[in-house]
Amino acid sequence: MSDNKTYWSKRYKEKNTGWDIGEPSKPLKVYIDQLENKSLKILIPGAGNSYEAEYLFNKGFKNVYVLDIAKAPLEAFQKRVPNFPSEQIIDDDFFEHRGTYDLILEQTFFCSFPPLPETRKQYAIKTHKLLRENGKLVGLWFNFPLTNDMENPPFGGSKEEYLSYFEPYFNIKTFENCYNSIAPRMGNELYGVFEKPKKWL
């Protein structure tokens with residue numbers, strides 16, 4: 001964990017954050033606008049500057065939790081959104097985190113850690129564990145080929161590969177090419193809604 005913490009803290013300190021679009025991701029914003037239950041308990045892992053969390057909070061969702069292994073973006077978020085409850089800003093390793101949520105939003109977190117099959121499988125297992133029955137994992141996954149570069153995220157993949165990790169643990173509600181990506185990512189994102197089965201045997 002310490003190596004990851006150092007790496008991501010350095011990236012934020014140096015403002016080496018090319019994934020940061022400075023606003024809520026449009027596909028997630030559209031999804032959020034359809035949510036009616038303001039009491040949903042929502043986790044945003046690898047939240048960075050947490051624009052989606054700010055958007056949710058300003059729309060009346062008060063049960064939102066942001067998690068990141070780097071402290072710098074969390075501190076910046078708290079300054080930007082001073083009324084956001086500090087106890088819902090979590091400096092932690094996602095894979096060590098404990099909690100139970102109705103909804104997990106994925107936005108450039110999955111693509112940030114080394115794209116090893118065992119690690120990606122652990123992500124699917126962990127999100128499943130953190131969700132309540134009928135809870136949803138909703139987000140965006142990069143749809144471009146992996147290279148031999150294991151050092152420089154974002155890391156891509158294919159729909160088929162991602163499904164191999166998620167299908168054993170989730171009902172696939174939708175997982176298709178994203179039609180409303182921001183211009184620089186158009187054609188390179190998959191939009192997914194994965195639901196934890198009501199009864200897990």
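Data for the structure
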item	result
Qualifying strands (runs of 3 or more DSSP E) (wholly inside segment 31-144; at least 1 residues being over 27 Å from Arg185 (Cα atoms))	89-91, 101-107, 131-142
Qualifying residue in segment 169-177 (condition: open to solvent by less than 20 Å² (accessible area, probe 1.4 Å) and without any contact (Cβ under 8 Å) to a residue 40 or more places away in the chain)	yes
Every residue from segment 113-142 that is surrounded by 20 or more Cβ atoms within 10 Å (Cβ to Cβ) and polar (S, T, N, Q)	Thr127
Out of Phe61, Phe94, Phe113, sole residue that is at pLDDT below 95 and either closer than 23 Å to Gly157 by Cα or in contact with a Leu (Cβ under 8 Å, 6 or more places away or on another chain) (or both)	Phe113
Residue check, Glu161 open to solvent by 70 Å² or more (accessible area, probe 1.4 Å), farther than 14 Å from Pro114 by Cα and more than 15 Å from the chain's Cα centre (by Cα)	no
Leading residue by the ranking (nearest to Arg120 (Cα to Cα)) among those in segment 178-201 that are among the hydroxyl-bearing types (Ser, Thr, Tyr) and in contact (Cβ under 8 Å) with a residue 60 or more places away in the chain	Tyr191
Tally, over segment 103-143, of residues that are of a type outside the set (Ser, Thr, Tyr) and closer than 18 Å to Thr174 by Cβ	19
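The values are calculated or read from the model by the stated rules, or taken from the named source; none is laboratory data. Please read all numbers here as calculations on a predicted model, not as lab measurements. Note that each Cβ is placed from the backbone with ideal geometry, even for glycine, and that neighbours are counted across all protein chains shown. SASA here: full protein model, heavy atoms, side chains in, ligands and nucleic acids out. Shrake-Rupley method; radii C 1.70, N 1.55, O 1.52, S 1.80 Å.
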